[in-house]
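Quick note: the coordinates plus some simple rules give every number you see, no bench work behind them. This structure is a prediction, so every number in the text was calculated from the model and none was measured. Note that we place each Cβ from the backbone using ideal geometry, even for glycine, and neighbour counts take in every protein chain shown.
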Amino acid sequence: MLLRNIQEWTLLLLIFGVASLAANWFGYDIMPISAVPGMLVLIAVALLGLILQQIIPVHFPSVAYIAIIGVLISMPWMPGSEKIVEWTSQVELLALTTPILAYAGIVIGRSWTDFMKLGWKTIIVASLVMIGTFLGSALIAELVLRLQGII
Amino acid sequence: MSSEITYGLWKDWRLHGLVLLTVAATEAIGTYSFNVGPGVVMLLPMLYALIVGLILYFTPLIKDRQSEKAEPLIVLGVGLLLAKIGVVIGPSLPEIIAAGPALLLQELGNLGTVFLALPVAILLGLKRETIGMTHSVAREPNVGLIMDKYGINSPEGRGVMAVYIFGTVFGAVFLGVISGFLATITPLDPLSFAMASGIGSGSMMAAASGSLIAAYPALETQIVAFAGASNLLSLSTGLYVSMFIALPLTERLYNVLSARKSGRGER
């Protein structure tokens, strides 16, 4: 069961990796050959996080495991972290997000009819909800960062 | 990540091929920015990709079944994204720890939804839907909370679903457009907006922080590290902020404001 999951995840992560390498090349002029080592590291990290989520019996999202592994292997105190940072720096963050949003666009097509049924009042309120949380967080962050003298 | 996983999703070459073409084409076009008054609006390739994907859904090239297949793929893509964010946070860890107080406290900024959106919702004449709509940004944990407390067919439940649908379809585009714009017209520091980008949704965070990176390329590493750390924090604390602070506050403010409004109406 787990082995079959690992096989499926690996293949899908590789497909994502290829799309991201294309984005990296077309959008940021980084040749795929120089980004491959970093991409393989990221795929390995994601795979390990997915596996840990399955075998550790605590309810904790896989993305959290993945992020923690990423942090651990790239911390300045970790031997070999310079290599990890050097390789993965060849993979642009935004090159990873473009394929995600392409798939997301295909998925949200199914929600489109529901979206079109929302009234104009909902659209106004929902926009203010987004702006409210974004500005609210930015204001508090600004205040505290200034008090701390970081910015 | 659900345990009932469907196998063989990788075999759908038409779906993956179309995505690959979309990605290559949108990245080749590149970022487009334009001025609106003193601010700058950034349109990133990922936003075009979202729109192309949406259009593809309505063409015969993509069937409903493929749209369903694409859904579990997003979890894996977000996994890769978080691996990248992890390795950006790692080297910046000392900096993140130093900014810890700001990171933690800005989580309370989510209450901005209540103060900004709730009064407007009541002015527009919305009833108890308001509570579901404005208590949070309505991502999955918040939807769960409202459904649990008020039920699926309650006005509160309908309200939270409406904002959820808006966020799902339009959230990334909306935040991508306003984040660069707000960062360039307000005197606030881009790093404050980077922390604000961590809303608790991978695609919204990517779009919001992506625009910031495009506007301030020199700060890229710090923006990614702060946005990523803040997003992880939102994922882990967001539900508790909603449950113990935001929702009670929303209820109270709703009661006060709606009583005042109807009181005035009767006179």
³J(HN,Hα) computed for each position of segment A:33-48 - Karplus, 6.51 cos²θ - 1.76 cosθ + 1.60, integer Hz, glycine/proline x: 4, 7, 9, 4, x, x, 5, 5, 4, 4, 5, 4, 5, 4, 5, 4
Extension gain (nm, one decimal) between B:I245 and B:R260, 0.36 nm per residue minus Cα-Cα: 3.1 nm
Residues with amide H under 5 Å from that of B:M42, placed H, sequence gap 5 or more: B:G180, B:F181
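About the Cα centre, and with charges only on the beta carbon of Lys, Arg (+1) and Asp, Glu (-1), how big is the dipole of chain A? Nearest 20 debye, please.
Charge dipole of chain A: 440 debye, to the nearest 20.
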Calculated FRET efficiency for the pair B:L124/B:V36, C-beta based, R₀ 30 Å, to 0.05: 0.75
Computed [θ] at 222 nm, deg cm²/dmol, chain B (DSSP H ≥ 4; -39,500 (n - 2.57); rounded to nearest 500): -23500 deg cm²/dmol
All lysines inside 30 Å of B:K84 as judged from Cα atoms, apart from same-chain residues fewer than 8 positions distant: A:K83, B:K11, B:K69
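Under the definition of Cα pairs under 8 Å and six or more residues apart, what whole-number percent is the relative contact order of chain B? Write out the running numbers ahead of the final one.
Details: 304 pairs, mean separation 58.0, N = 267.
Relative contact order for chain B comes out at 22 percent.
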Summed side-chain charge close to A:G17 - residues other than A:G17 whose Cβ falls under 14 Å, Lys, Arg +1, Asp, Glu -1: 0
Estimated inter-spin distance, A:Q54 and A:N5, nm [label 7 Å along Cα→Cβ]: 0.5 nm
Local net charge near A:Y28, Cβ-Cβ under 10 Å (Lys/Arg +1, Asp/Glu -1): -3
Within-14-Å neighbourhood charge of B:G30 [Cβ basis; K, R +1; D, E -1]: -3
Exposed-loop-free span, longest in chain B, where chymotrypsin sites (Phe, Trp or Tyr not before Pro) count as exposed if DSSP calls them loop and at most 11 other C-beta atoms lie within 10 Å: B:59-267
Dipole moment magnitude, nearest 20 debye, the protein assembly as shown about Cα centre, only Lys, Arg, Asp, Glu C-beta charged: 1180 debye
Derived scalar couplings ³J(HN,Hα) [segment A:131-145; Karplus, 6.51 cos²θ - 1.76 cosθ + 1.60; whole Hz; x for Gly, Pro]: 5, x, 5, 5, 5, x, 5, 5, 5, 5, 4, 4, 4, 5, 4
GluC sites (Glu not before Pro) restricted to segment B:14-115 and DSSP loop, no more than 14 other C-beta within 10 Å: none
Separation of the A:L14 and A:R110 label points, Cα + 7 Å toward Cβ, nm: 2.7 nm
Segment B:181-267 - charge dipole about Cα centre, Lys and Arg +1 at Cβ, Asp and Glu -1, debye rounded to 20: 560 debye
Highest to lowest packing among A:55-64, B:16-25, A:103-112, scored as the average C-beta count within 10 Å: A:103-112, B:16-25, A:55-64
At R0 = 45 Å, FRET efficiency that the Cβ-Cβ distance of A:E86 and A:I123 yields, to 0.05: 0.50
A:M78-B:E71 FRET efficiency (beta carbon distance; Förster radius 41 Å; 0.05 resolution): 0.75
Highest-MSF residue in chain A out of A:M116, A:M130, A:M78 [GNM, Cα springs under 10 Å]: A:M130
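With a ≥ b ≥ c the root eigenvalues of the C-alpha gyration tensor of the protein assembly as shown, is it rounded (a/c under 1.5), prolate (a/b larger than b/c) or oblate?
Since a/c reaches 1.5 and a/b is larger than b/c, the shape of the protein assembly as shown is classed as prolate.
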GNM result for chain B, Cα springs below 10 Å: residue of B:V160, B:V52, B:V137 fluctuating most strongly: B:V52
